[in-house]
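Asks: The structure that follows is given in the form of structure tokens.
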Amino acid sequence: MKKTVIITGASGGIGSAIADAFALSGHNVVIGYNSSSEKAEALEAKLSGRGCCVARFKADVSCSAQAQSLIDFTKETFGGKYILVNNAGIAQQKLFTDITDGDFDTMMSANVKSVFNCSRAVLPLMIHDKWGRIINISSMWGVCGASCEVHYSASKAAVIGLTKALAKEVGPSGITVNCVAPGLIDTPMNKNLDKDTVSALCEETPVGRIGTPEDVARAVLFLADENSSFITGQTLGVDGGFI
Ligand code: NAP
């Protein structure tokens, strides 16, 4: 049976590559987006132009009602078994002592509450099917910590903790829950990083380059595969050996 994948943040750099990879491999694809309507429309047009089954839905997934609407839309639009890729997220570089209450709450809402909201909304469908895949996009900074990105690092570490615990709870229902932890990836999220910072990170990376969105998409596709059913609660680094 054809499976349906819901990708949050599919209007962004990594999310659009994930959508592309799943569409090419024959899945129904729901493009989740929030403010980037034009990018989401262009991606939908590109994928449907190739004959892929694709739909898009606008939702701020940090809001539980909107996350629920995204899942309801998916259920009404496509049947099949479900794969959820919790990819939506934000980043911010600031000295720890400059982080405001608002910065911290916004980071946690976009990066952690969103994962909670979408996973909680989709799980009844997966439990009914006795099959499901949840793949959360964390970050290598959630594993090793980044200076001047303490709230980002904390949010991504929380995603890893959520993943490990949820994997234990839903494993008996045939559902796996895993994380991908990318290193530095060439996307709009990093447009504020200066050249020297990017070069320094490349030098520290054993494979000597920054990653591509496609590097991450291939890892997500692997974890979603039928044959990955004995892998759960794991964090797969896609970081060129940085950690
Ligand atoms: P990006 O190009 O900036 O894309 C971010 C995406 O998240 C956009 O599609 C954005 O949607 C969506 N988003 C943000 N807040 C949202 C919300 N409240 N509700 C719904 N959608 C929301 O960034 P990216 O590099 O592709 O990042 C994707 C994921 O990978 C993030 O979780 C990020 O933390 C993680 N990651 C990235 C890197 C990297 O180096 N790029 C490294 C490690 C981990 P709209 O634009 O439509 O609002």
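Residues checked against (1) polar (S, T, N, Q); (2) under 24 Å from residue 2 (Cβ atoms); (3) more than 14 Å from the chain's Cα centre (by Cα):
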{"site": "21", "(1), (2), (3)": "no, yes, no"}
{"site": "30", "(1), (2), (3)": "no, yes, no"}
{"site": "35", "(1), (2), (3)": "yes, no, yes"}
{"site": "46", "(1), (2), (3)": "no, yes, yes"}
{"site": "50", "(1), (2), (3)": "no, yes, yes"}
{"site": "62", "(1), (2), (3)": "yes, no, no"}
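Asks: Hey, can you tell me all the residues within the stretch 80-105 that are aromatic (Phe, Trp, Tyr) and assigned to a strand (DSSP E or B)? I'd like the intermediate steps shown before the answer.
Replies: Here is the first cut: in the stretch 80-105, the residues aromatic (Phe, Trp, Tyr) are 82, 96, 104.
Hit for the stretch 80-105 is 82, nothing else.
Asks: If I filter the stretch 52-60 for residues that are more than 26 Å from residue 211 (Cα to Cα) and part of a helix (DSSP H, G or I), do I get at least one hit?
Replies: no
Asks: Look through 99, 90 and report the one residue that is among the β-branched types (Val, Ile, Thr), within 16 Å of the ligand (Cβ to nearest atom) and either under 18 Å from residue 166 (Cα atoms) or surrounded by 15 or more Cβ atoms within 10 Å (Cβ to Cβ) (or both).
Replies: On the way: 99 fails: within 16 Å of the ligand (Cβ to nearest atom).
Testing whether each residue is among the β-branched types (Val, Ile, Thr), within 16 Å of the ligand (Cβ to nearest atom) and either under 18 Å from residue 166 (Cα atoms) or surrounded by 15 or more Cβ atoms within 10 Å (Cβ to Cβ) (or both) leaves just 90.
Asks: Out of 176, 187, 197, report the one residue that is over 22 Å from residue 145 (Cα atoms) and hydroxyl-bearing (Ser, Thr, Tyr).
Replies: On the way: 187 fails: over 22 Å from residue 145 (Cα atoms); 197 fails: over 22 Å from residue 145 (Cα atoms).
Testing whether each residue is over 22 Å from residue 145 (Cα atoms) and hydroxyl-bearing (Ser, Thr, Tyr) leaves just 176.
Asks: Something else: When you scan the stretch 10-32, do you find a residue that is among the small types (Gly, Ala, Ser), in contact with a Lys or Arg (Cβ under 9 Å, 6 or more places away or on another chain), on the phi < 0 side of the Ramachandran plot and exposed (fewer than 15 other Cβ atoms within 10 Å of the Cβ), even just one?
Replies: No, that holds for no residue.
Asks: Report every pair of residues separated by at least 6 positions or lying on different chains whose Cβ atoms are under 9 Å apart, first residue within the stretch 58-74 and within 21 Å of residue 41 (Cα to Cα), second among the aromatic types (Phe, Trp, Tyr) and assigned to a helix (DSSP H, G or I).
Replies: Hits for this filter: 59/73; 67/116.
Asks: Criterion first (part of a loop (DSSP other than H, G, I, E, B) and either more than 15 Å from the chain's Cα centre (by Cα) or surrounded by fewer than 19 Cβ atoms within 10 Å (Cβ to Cβ) (or both)) does residue 66 satisfy it?
Replies: Numbers: part of a loop (DSSP other than H, G, I, E, B): no; either more than 15 Å from the chain's Cα centre (by Cα) or surrounded by fewer than 19 Cβ atoms within 10 Å (Cβ to Cβ) (or both): yes.
Taking the combined requirement at face value, the residue does not satisfy it.
Asks: Being more than 10 Å from the ligand (Cβ to nearest atom), among the charged types (D, E, K, R) and within 18 Å of residue 88 (Cβ to Cβ) is the filter here; which residues of the stretch 38-55 pass it?
Replies: 41, 44
Asks: Can you tell me which of 193, 201 is assigned to a loop (DSSP other than H, G, I, E, B), surrounded by 14 or more Cβ atoms within 10 Å (Cβ to Cβ), modelled with pLDDT under 95 and within 15 Å of the ligand (Cβ to nearest atom)?
Replies: On the way: 201 fails: assigned to a loop (DSSP other than H, G, I, E, B).
Selected residue: 193, the only one of 193, 201 that is assigned to a loop (DSSP other than H, G, I, E, B), surrounded by 14 or more Cβ atoms within 10 Å (Cβ to Cβ), modelled with pLDDT under 95 and within 15 Å of the ligand (Cβ to nearest atom).
Asks: For the stretch 75-87, does any single residue satisfy the condition of being over 16 Å from the mean Cα position of the chain (by Cα) and within 15 Å of the ligand (Cβ to nearest atom)? Break it down stepwise before answering.
Replies: To start, the set of residues in the stretch 75-87 that are over 16 Å from the mean Cα position of the chain (by Cα) comprises 75-81.
With within 15 Å of the ligand (Cβ to nearest atom) added as a condition, the list becomes none.
Checking the stretch 75-87: not a single residue is over 16 Å from the mean Cα position of the chain (by Cα) and within 15 Å of the ligand (Cβ to nearest atom).
Asks: Within the stretch 171-190, take every residue that is in a helix (DSSP H, G or I) and more than 13 Å from the ligand (Cβ to nearest atom) and give me the one that is nearest to residue 202 (Cα to Cα). I'd like the intermediate steps shown before the answer.
Replies: Within the stretch 171-190, the first condition is being in a helix (DSSP H, G or I), and the residues that meet it are 171-173, 188-190.
Subsequent filtering for residues that are more than 13 Å from the ligand (Cβ to nearest atom) retains 171-173.
Values: 171: 37, 172: 41, 173: 41 Å.
Going through the qualifying residues, I end up with 171.
Asks: Which of the residues spanning the stretch 76-126 are at pLDDT 95 or above and of a type in the set (Gly, Ala, Ser)?
Replies: Within the stretch 76-126, 88, 89, 91, 102, 109, 110, 114, 119, 121 meet the criteria.
Asks: Please enumerate the residues belonging to the stretch 207-240 that are in a helix (DSSP H, G or I) and under 15 Å from the mean Cα position of the chain (by Cα). Explain how you work it out, then say what you get.
Replies: Taking the stretch 207-240 as the starting set, the residues that turn out to be in a helix (DSSP H, G or I) are 213-224, 226-228.
Scanning the stretch 207-240 gives 213, 214, 215, 216, 217, 218, 219, 220, 221, 222, 223, 224.
Asks: Can you tell me which residues in the stretch 194-212 are of a type in the set (A, V, I, L, M) and touching a residue at least 12 places away in the same chain (Cβ under 8 Å)? Break it down stepwise before answering.
Replies: The initial filter retains those residues of the stretch 194-212 that are of a type in the set (A, V, I, L, M), namely 198, 200-201, 207, 210.
Within the stretch 194-212, 198, 201, 207, 210 meet the criteria.
The values are calculated or read from the model by the stated rules, or taken from the named source; none is laboratory data. A quick note: this is a predicted structure, and the numbers were derived from the prediction, not measured. Reconstructed Cβ throughout: ideal geometry from the backbone, glycine too, with neighbour counts over all protein chains shown.
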